[in-house]
Every structure is written in structure tokens, then in C-alpha cells.
Amino acid sequence: MGVDELSALLWKERELLELLLFKLEEEQLILTSGKTRWLQHATREVEQVLERLRAAGLARTVEVGTVAAEWGTPEDATLRQLAGDAPPGPWSIIFEAHLKAMSELTTQIRELRETNEQYLRAASRSTQETLATLESDAGTYGAHGTSKATSDAWHMLDKDL
């Protein structure tokens, strides 16, 4: 274990962040297409990637503690601190590159997540408005088989929504 292992873990975490970005883009495509039938699957996949990211983050934290102890920096050092406290050689450049890439991915993920949340809120609001316009009395049948509905109005819904 050590600095090589930490770098490998950071690569794995970057790959997971890219996968999360991809899954969020998939989710957005589903939301914008109106084919919400698949939305639960896309959301589940996002949650699965998030769970893998949590595990990778925990492994990284443990490895950071090991590297920090080797380099004489605080055990709870951030990646930025490790890059700054790295001994002479390539590790400061490598850790700074990981930090930059992960920061950029995190920003893209945050923006995409916020956009998806806006789409979800709009879809929810639209559904609530549609349901509010529907007649609450669906109608029942009497003893003679006739409808007791109070309105003859017909409502049409788009089944793809």
C-alpha cells in the first residue's frame, strides 16, 4: 500500500465520476423524451454508481491516511494538501492532475443534477395540474346498470407522460 495504491484509487474514483455523469445524462435524456417508463431504472443506476463512489471514497480516505503518515502530513489531509506536501518528484503533479479532473467532473455532475431536478419538478407539477383538472367523481353504476356520473365530459390524457 502507499502512494501507488492511492493513485490507482483516484483513477478508479475518476472513472466512477465519469460513469455517474453518463448515468445522469441518460436520466436527462429519458426526462426530456417523455419516456418516463424507464426513469426508475435510470434512477436506480445513478444510485448504484453513487454507492460505488461512497465505497471508493472510503478506500481513498484510508489510503490518504497511510500516505500522509509516510510523508509526515496530517492523517486527514486533503488531496490538495497531499499534492502540496509531496516530496520532490512527480507525485505533486499527479495529485494536482487528479484534483483538477475530479473538480471538473464534480462541477459537471452538480450542474446536470440540478437540471434533472428542474425537469423532475416540472413533470411533477404538470402531472398534479393534469390530475386537478380531472373530475373527481369517476362515476358509479346504479342498480339498473346506468351511470350515476354527474358530467358527460370526456378527458383525454397522453399515456406517454
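The values are calculated or read from the model by the stated rules, or taken from the named source; none is laboratory data. Since we're looking at a predicted model, the values are computed, not measured. All Cβ positions, even for glycine, are placed from backbone atoms using ideal geometry, and neighbour counts span all protein chains on display. Accessible surface areas use protein heavy atoms only, side chains included; no ligands, DNA or RNA. Shrake-Rupley method; radii C 1.70, N 1.55, O 1.52, S 1.80 Å.
Check Leu58, Leu53 and return the single one that is among the aliphatic types (A, V, I, L, M) and open to solvent by 70 Å² or more (accessible area, probe 1.4 Å). Even if it seems obvious, please write down each step before you answer.
On the way: Leu53 fails: open to solvent by 70 Å² or more (accessible area, probe 1.4 Å).
Residue meeting the stated conditions: Leu58.
Which residue is surrounded by the most Cβ atoms within 10 Å (Cβ to Cβ), if the candidates are limited to the stretch 1-16 and must be more than 16 Å from Ala101 (Cα to Cα) and touching an Asp or Glu at 6+ places or on another chain (Cβ under 7 Å)?
Result: Glu5.
Would you point out which residue out of Leu58, Leu99 is of a type in the set (A, V, I, L, M, F, W, C), in contact with a helix residue (DSSP H, G or I) (Cβ under 7 Å, 6 or more places away or on another chain) and in a helix (DSSP H, G or I)?
Criteria check complete, one pass: Leu99.
Does Thr115 satisfy the criteria of being open to solvent by 70 Å² or more (accessible area, probe 1.4 Å), closer than 30 Å to Arg125 by Cα and touching a residue at least 60 places away in the same chain (Cβ under 8 Å)?
Judged against the criteria, Thr115 is not a match.
Show the residue pairs meeting these rules: Cβ distance below 7 Å; 6+ apart or different chains; first residue within the stretch 44-71 and modelled with pLDDT of 95 or more and small (Gly, Ala, Ser); second residue assigned to a helix (DSSP H, G or I) and open to solvent by 70 Å² or more (accessible area, probe 1.4 Å).
Sorted first by the residue in the stretch 44-71, then by its partner, the pairs are Ala56/Lys12.
Going through the stretch 27-36 one residue at a time, which ones are open to solvent by less than 100 Å² (accessible area, probe 1.4 Å) and either out of contact with any Phe, Trp or Tyr (no Cβ under 8 Å at 6 or more places or on another chain) or among the hydrophobic types (A, V, I, L, M, F, W, C) (or both)?
Hits for the stretch 27-36 are Glu27, Ile30, Leu31, Ser33, Gly34, Thr36.
Let me confirm something: among Leu19, Leu39, which residue is in a helix (DSSP H, G or I), open to solvent by 50 Å² or more (accessible area, probe 1.4 Å) and within 30 Å of Ser124 (Cβ to Cβ)?
Just a single option satisfies the conditions, and that option is Leu19.
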